[in-house]
(Lines give C-alpha, C1' and ligand atoms only; values in the text may rest on other atoms or scores of the structure.)
Protein backbone atom coordinates (compact mmCIF):
# COMPACT_ATOMS: atom_id res chain seq x y z
CA UNK A 1 0.00 0.00 0.00
CA UNK A 2 1.96 3.08 1.09
CA UNK A 3 5.12 3.07 3.19
CA UNK A 4 4.95 0.45 5.87
CA UNK A 5 1.31 -0.59 5.38
CA UNK A 6 0.01 -3.60 3.46
CA UNK A 7 -3.24 -5.43 2.75
CA UNK A 8 -3.86 -9.12 2.21
CA UNK A 9 -6.32 -10.20 -0.48
CA UNK A 10 -7.99 -13.48 -1.47
CA UNK A 11 -10.33 -14.55 -4.25
CA UNK A 12 -13.52 -16.34 -3.18
CA UNK A 13 -15.59 -18.29 -5.70
CA UNK A 14 -19.35 -17.89 -5.77
CA UNK A 15 -21.35 -19.84 -3.19
CA UNK A 16 -25.00 -19.28 -4.08
CA UNK A 17 -26.23 -21.45 -1.20
CA UNK A 18 -24.72 -18.98 1.28
CA UNK A 19 -25.68 -15.86 -0.69
CA UNK A 20 -22.38 -15.13 -2.43
CA UNK A 21 -23.67 -14.68 -5.98
CA UNK A 22 -20.37 -14.17 -7.79
CA UNK A 23 -16.71 -14.70 -7.14
CA UNK A 24 -14.67 -11.67 -6.18
CA UNK A 25 -11.45 -10.47 -4.64
CA UNK A 26 -11.79 -9.53 -0.97
CA UNK A 27 -9.25 -7.31 0.73
CA UNK A 28 -8.44 -7.20 4.40
CA UNK A 29 -7.87 -4.12 6.52
CA UNK A 30 -4.53 -2.30 6.15
CA UNK A 31 -1.90 -3.56 8.60
CA UNK A 32 1.69 -2.58 9.32
CA UNK A 33 4.17 -4.73 7.42
CA UNK A 34 6.12 -5.55 10.57
CA UNK A 35 3.04 -6.95 12.35
CA UNK A 36 1.38 -8.59 9.32
CA UNK A 37 0.81 -12.27 9.94
CA UNK A 38 -1.86 -14.84 9.22
CA UNK A 39 -2.65 -17.77 11.49
CA UNK A 40 -3.59 -20.89 9.58
CA UNK A 41 -5.38 -23.90 10.98
CA UNK A 42 -6.85 -27.04 9.54
CA UNK A 43 -6.07 -30.62 8.71
CA UNK A 44 -6.61 -30.49 4.95
CA UNK A 45 -6.24 -27.94 2.17
CA UNK A 46 -9.94 -26.95 2.21
CA UNK A 47 -9.96 -26.06 5.90
CA UNK A 48 -6.61 -24.27 5.60
CA UNK A 49 -8.06 -22.21 2.72
CA UNK A 50 -11.17 -21.38 4.77
CA UNK A 51 -8.91 -20.36 7.65
CA UNK A 52 -6.79 -18.17 5.35
CA UNK A 53 -9.89 -16.48 3.94
CA UNK A 54 -11.42 -15.92 7.39
CA UNK A 55 -8.19 -14.42 8.68
CA UNK A 56 -7.74 -12.17 5.63
CA UNK A 57 -11.31 -11.00 5.02
CA UNK A 58 -12.93 -11.14 8.46
CA UNK A 59 -9.88 -10.71 10.75
CA UNK A 60 -11.01 -13.86 12.53
CA UNK A 61 -9.27 -17.17 13.02
CA UNK A 62 -12.61 -19.03 12.98
CA UNK A 63 -12.95 -20.76 9.57
CA UNK A 64 -16.62 -21.76 9.95
CA UNK A 65 -19.25 -20.47 7.49
CA UNK A 66 -16.90 -17.94 5.90
CA UNK A 67 -19.17 -17.24 2.91
CA UNK A 68 -22.20 -16.59 5.12
CA UNK A 69 -20.16 -14.25 7.31
CA UNK A 70 -18.85 -12.39 4.25
CA UNK A 71 -22.43 -11.89 3.01
CA UNK A 72 -23.48 -10.66 6.46
CA UNK A 73 -20.55 -8.24 6.69
CA UNK A 74 -21.32 -6.90 3.20
CA UNK A 75 -24.99 -6.44 4.10
CA UNK A 76 -24.05 -4.61 7.32
CA UNK A 77 -21.74 -2.23 5.45
CA UNK A 78 -24.47 -1.56 2.86
CA UNK A 79 -27.06 -0.87 5.59
CA UNK A 80 -24.74 1.54 7.41
CA UNK A 81 -24.24 3.46 4.16
CA UNK A 82 -28.00 3.54 3.47
CA UNK A 83 -28.75 4.72 7.02
CA UNK A 84 -26.22 7.53 6.66
CA UNK A 85 -27.81 8.63 3.37
CA UNK A 86 -31.33 8.49 4.85
CA UNK A 87 -30.25 10.53 7.88
CA UNK A 88 -28.85 13.25 5.62
CA UNK A 89 -31.94 13.26 3.38
CA UNK A 90 -34.21 13.37 6.45
CA UNK A 91 -32.30 16.34 7.88
CA UNK A 92 -32.57 18.29 4.58
CA UNK A 93 -36.23 17.57 3.85
CA UNK A 94 -38.75 20.26 4.76
CA UNK A 95 -42.08 18.72 3.68
CA UNK A 96 -43.59 16.90 6.65
CA UNK A 97 -45.07 14.02 4.65
CA UNK A 98 -41.81 13.25 2.91
CA UNK A 99 -39.91 13.72 6.17
CA UNK A 100 -42.17 11.21 7.93
CA UNK A 101 -41.73 8.69 5.11
CA UNK A 102 -37.94 9.06 5.33
CA UNK A 103 -38.13 8.63 9.12
CA UNK A 104 -40.08 5.39 8.69
CA UNK A 105 -37.54 4.16 6.12
CA UNK A 106 -34.72 5.11 8.47
CA UNK A 107 -36.25 3.20 11.38
CA UNK A 108 -36.81 0.13 9.18
CA UNK A 109 -33.15 0.18 8.04
CA UNK A 110 -31.94 0.59 11.63
CA UNK A 111 -34.04 -2.39 12.68
CA UNK A 112 -32.71 -4.43 9.75
CA UNK A 113 -29.13 -3.49 10.73
CA UNK A 114 -29.75 -4.50 14.34
CA UNK A 115 -31.16 -7.87 13.23
CA UNK A 116 -28.21 -8.49 10.91
CA UNK A 117 -25.69 -7.61 13.61
CA UNK A 118 -27.40 -9.97 16.07
CA UNK A 119 -27.45 -12.73 13.47
CA UNK A 120 -23.74 -12.23 12.78
CA UNK A 121 -22.81 -12.85 16.41
CA UNK A 122 -24.65 -16.18 16.56
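Numbers below:
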{"item": "Complete set of residues in region 2-55 that are assigned to a loop (DSSP other than H, G, I, E, B) and more than 17 Å from the chain's Cα centre (by Cα)", "result": "2, 3, 4, 36, 37, 38, 39, 40, 41, 42, 43, 44"}
{"item": "Condition met for residue 29 (out of contact with any strand residue (DSSP E or B) (no Cβ under 7 Å at 6 or more places or on another chain), surrounded by fewer than 16 Cβ atoms within 10 Å (Cβ to Cβ), closer than 25 Å to residue 113 by Cβ and at pLDDT below 85)", "result": "no"}
{"item": "Index of the failed condition, residue 20 passing every other in (1) more than 30 Å from residue 108 (Cα to Cα); (2) in contact with a strand residue (DSSP E or B) (Cβ under 9 Å, 6 or more places away or on another chain); (3) modelled with pLDDT under 85", "result": "(1)"}
{"item": "Residue among 45, 40, 52 that is over 21 Å from residue 116 (Cβ atoms) and either in contact with a strand residue (DSSP E or B) (Cβ under 6 Å, 6 or more places away or on another chain) or surrounded by 16 or more Cβ atoms within 10 Å (Cβ to Cβ) (or both)", "result": "52"}
{"item": "Count of residues meeting criterion [more than 23 Å from the chain's Cα centre (by Cα) and either touching a residue at least 24 places away in the same chain (Cβ under 8 Å) or surrounded by 12 or more Cβ atoms within 10 Å (Cβ to Cβ) (or both)] in region 75-103", "result": "9"}
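The values are calculated or read from the model by the stated rules, or taken from the named source; none is laboratory data. Please read these numbers as outputs of a predicted model, since none were measured by experiment. Please note: Cβ atoms are built from the backbone with ideal geometry, for glycine as well, and neighbour counts cover all protein chains shown.
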